[in-house]
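Written below as structure tokens is the structure these notes are about.
Read the figures in this text as sums done on the coordinates, not as results from a lab. The model shown is predicted, which means the values in this text are computed figures rather than measured ones. Every residue, glycine as well, gets a Cβ built from its backbone with ideal geometry; the counts of neighbours run over all protein chains shown.
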Amino acid sequence: MSLKAEELARTAVWRDRYFATTDKEVRKGILKDAAASFGIGPAAVYKRWSDNGMLPEETTLTTRFRELIARNPYQSDREIARREGVKADSVRWFRRKLGIPPGCRQRRAVLGREVAIYVENWPDMTPGEVYRSIVADDEIPFDFNRWSVREIMLAMAKEAAT
């Protein structure tokens, strides 16, 4: 069913109010009020927005979670959730939606690049020596251990052998 211009305008007003807040309870109330004003169910209101291309690409929640994750990209979803008072599942869902890799993968990538520099320039160094050198440089913004360095070095050696 296509909506008239006046109905589309009213729908847009409710949509703007809904997406202007991040509070879950306030959003529920806005959705119920919108449904009552249209004489349909709350789920039908959201479907109406979707059917008419009225869902924004970047919502206030998306922006909020993008900022939460960006502040500490190397932390796990659980650590971010605990610190910010949100659910870990929400952090995980928004990470996937935004295409942001998990904190462990980002830590591994940063540490991998650093280890690769040492392996390339000083191939005879042991994992312990590489670990101590990286710690001495003090450029890695998260904690790691020499076993992580060892795993990366073994993976690099295996990759080079193939």
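Among the listed pairs K4/K28; K87/K158; K4/K24; K4/K97; K4/K32, a Cα-Cα separation exceeding 28 Å is found for K87/K158; K4/K24; K4/K97.
Pairwise Cα distances in segment 1-76 exceed 19 Å for 41 percent of all pairs. Sparse packing (at most 11 other Cβ atoms within 10 Å of the Cβ) combined with a DSSP loop state is found for the following GluC sites (Glu not before Pro) in segment 47-137: E57, E58. Summed over all non-identical Cα pairs, the Kirkwood treatment of segment 122-162 gives a radius of 10.9 Å. Counting pairs of Cα atoms in segment 83-162, how many percent are more than 23 Å apart? Cα-Cα pairs in segment 83-162 separated by more than 23 Å: 34 percent.
Its residues counted as N, the chain yields a C-alpha radius of gyration over 2.2 N^0.38 Å of 1.58.
Sparse packing (at most 15 other Cβ atoms within 10 Å of the Cβ) combined with a DSSP loop state is found for the following trypsin sites (Lys or Arg not before Pro) in segment 54-118: K87. Within the same chain, aspartates and glutamates fewer than 8 places from K47 are excluded, and of the rest, those with a Cα less than 16 Å from its Cα are E7, D16, D33, E57. For segment 4-43, state what percent of all Cα-Cα pairs lands in each successive 10 Å bin, counting from 0 Å until the bin that includes the largest distance. P(r) over segment 4-43, rounded to whole percents: 32, 55, 13, 0. Over all pairs of different C-alpha atoms, segment 60-108 has a mean inverse distance whose reciprocal, the Kirkwood radius, equals 10.4 Å. All other residues whose Cβ lies under 15 angstrom from that of V26 are scored, Lys and Arg at +1 and Asp and Glu at -1, for a net of +3.
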